[in-house]
Amino acid sequence: MNRAKHIAIIMDGNGRWAELQGKKRVKGHEAGAEVVKTITTYCSKSSEIERLTLYAFSTENWKRPRLEVEFLMKLLNTYLKNELPVYLENNVRFESIGDIKAFSKTLQKTIKMVEEKTAHCDGLIQSLALNYGAQDEMIRAINTLKDSKGDVTLEMMSDALDCKHNVDLLIRTGGDHRLSNFLLWQSAYAELFFCDTLWPDFTPKELEKIINKFTKVERRFGGLK
Ligand code: IPE
Ligand code: IPE
Ligand code: MG
C-alpha cells in the first residue's frame with residue numbers, strides 16, 4: 001500500500017466560491033484560509049502524512065488587481081500570526097518555499113518569526129508556497145550550482161531547490177487540470193488527483209477519500225510490478 005508521506009495541494013477556486021455567493025473574491029480567500037487551518041490540523045493528526053505543501057501565492061499571481069494582491073498579503077500576515085499557537089499546539093513545523101524577498105519587510109519578518117518559533121516541532125511539516133513558481137525555483141537553483149566543479153548531479157539539483165522532497169500525492173481543487181507552475185521537479189512521479197470542489201468547500205473527508213484511492217494505485221516508477 002502506498003503511503004502519502006508528502007501531499008501537495010493547489011488550493012484553487014476561492015474567487016469563484018465567493019462570486020457564486022454574490023460576494024467579493026477576497027471573501028473566498030478568507031474562507032480558504034480557514035480551510036488551510038482545518039486541513040493542516042487533520043494532516044497533523046495522521047501518522048502517515050509527514051509533509052503538506054500548499055500553493056498559496058504563485059509568481060504569476062502578481063498579475064491580479066493590486067487590491068486583491070494587497071488583501072492576500074495582509075491575510076497571510078494575520079493568518080501566520082494567529083496560527084502560531086495552533087502550530088505549536090499541534091506540533092506543526094511551518095516553513096515557506098518560494099522567493100519571499102519580493103514581500104514587504106513586515107511580512108518577511110512574520111514568515112521568519114513563525115519558521116523560527118516552530119523549528120523545534122517534529123510532527124507535520126506545513127510548507128506554504130509563497131511567491132513560488134517551479135520555473136523560478138529551478139532557475140534560482142541552477143544559478144547557485146553554475147559555478148560548482150564537475151557535472152551537476154540529480155542530488156545536487158534536488159538539494160538546491162526550495163522543496164527538496166518528492167511529492168507522493170498532488171491534489172488540485174477547483175476543477176482545472178493543470179499544474180500552474182507548482183512543484184514541477186518534485187512531482188515527477190506524483191500521483192495526480194483533480195477535484196471539482198472549490199477550495200473553501202474542501203473537507204478532511206474529501207481528502208481522506210482521495211488518500212484512500214491513492215493508497216490503492218499501483219506506482220511503478222518506470223519499473224514493472
Ligand atoms: C486560489 O483561488 C487562491 C490563489 C490563487 C491565491 P483563486 O483566487 O485562484 O480562485 P479562482 O480560481 O479565481 O476561483
Ligand atoms: C494556482 O492557481 C496558484 C495558487 C493556487 C496559489 P491560479 O488560479 O493562480 O492558477 P491559474 O491562473 O488558473 O493557472
Ligand atoms: Mg484560480
Going through region 157-176 in order, the residues found to be open to solvent by 50 Å² or more (accessible area, probe 1.4 Å) and within 17 Å of the chain's Cα centre (by Cα) are LYS164, HIS165, ASN166
Just wondering, is there one or more residues in region 1-8 that are within 17 Å of the chain's Cα centre (by Cα) and among the β-branched types (Val, Ile, Thr)? yes
Residue that is at negative phi and open to solvent by 80 Å² or more (accessible area, probe 1.4 Å), where the choices are LEU145, LEU154: LEU154
Which numbered condition trips up ASP136, out of (1) in contact (Cβ under 8 Å) with a residue 40 or more places away in the chain; (2) not in a helix (DSSP H, G or I)? (2)
Restricting to region 79-99, what's the tally of residues that are touching a Phe, Trp or Tyr at 6+ places or on another chain (Cβ under 9 Å), within 20 Å of HIS165 (Cβ to Cβ) and surrounded by fewer than 17 Cβ atoms within 10 Å (Cβ to Cβ)? 1
Exception for PHE221 within (1) open to solvent by less than 30 Å² (accessible area, probe 1.4 Å); (2) assigned to a loop (DSSP other than H, G, I, E, B); (3) of a type outside the set (Asp, Glu); (4) more than 21 Å from THR40 (Cβ to Cβ) falls at (1)
All-but-one check, VAL36 against (1) crowded, with 20+ Cβ neighbours inside 10 Å; (2) assigned to a helix (DSSP H, G or I); (3) touching a Lys or Arg at 6+ places or on another chain (Cβ under 9 Å), failing number (3)
I'd like to verify a number: residues in region 1-29 that are within 15 Å of ligand 2 (Cβ to nearest atom) and over 26 Å from ASN91 (Cβ atoms), how many? 12
What number of residues within region 1-30 are away from ligand 3 (no atom under 14 Å from the Cβ), surrounded by fewer than 22 Cβ atoms within 10 Å (Cβ to Cβ) and not in a loop (DSSP other than H, G, I, E, B)? 2
Taking only region 182-204 into account, find how many residues are in a loop (DSSP other than H, G, I, E, B), within 13 Å of ligand 3 (Cβ to nearest atom) and open to solvent by less than 20 Å² (accessible area, probe 1.4 Å). 1
GLU50 being acidic (Asp, Glu), away from ligand 2 (no atom under 12 Å from the Cβ) and open to solvent by 10 Å² or more (accessible area, probe 1.4 Å): yes
Suppose we keep only residues that are outside any helix (DSSP H, G or I) and polar (S, T, N, Q) within region 61-115. Which one would you say is nearest to SER127 (Cα to Cα)? SER96
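The values are calculated or read from the model by the stated rules, or taken from the named source; none is laboratory data. Everything numeric in this text was worked out from a predicted model, so none of it was measured. Reconstructed Cβ throughout: ideal geometry from the backbone, glycine too, with neighbour counts over all protein chains shown. In case anyone asks, the SASA skips ligands and DNA or RNA and just uses the protein heavy atoms, side chains included. Shrake-Rupley method; radii C 1.70, N 1.55, O 1.52, S 1.80 Å.
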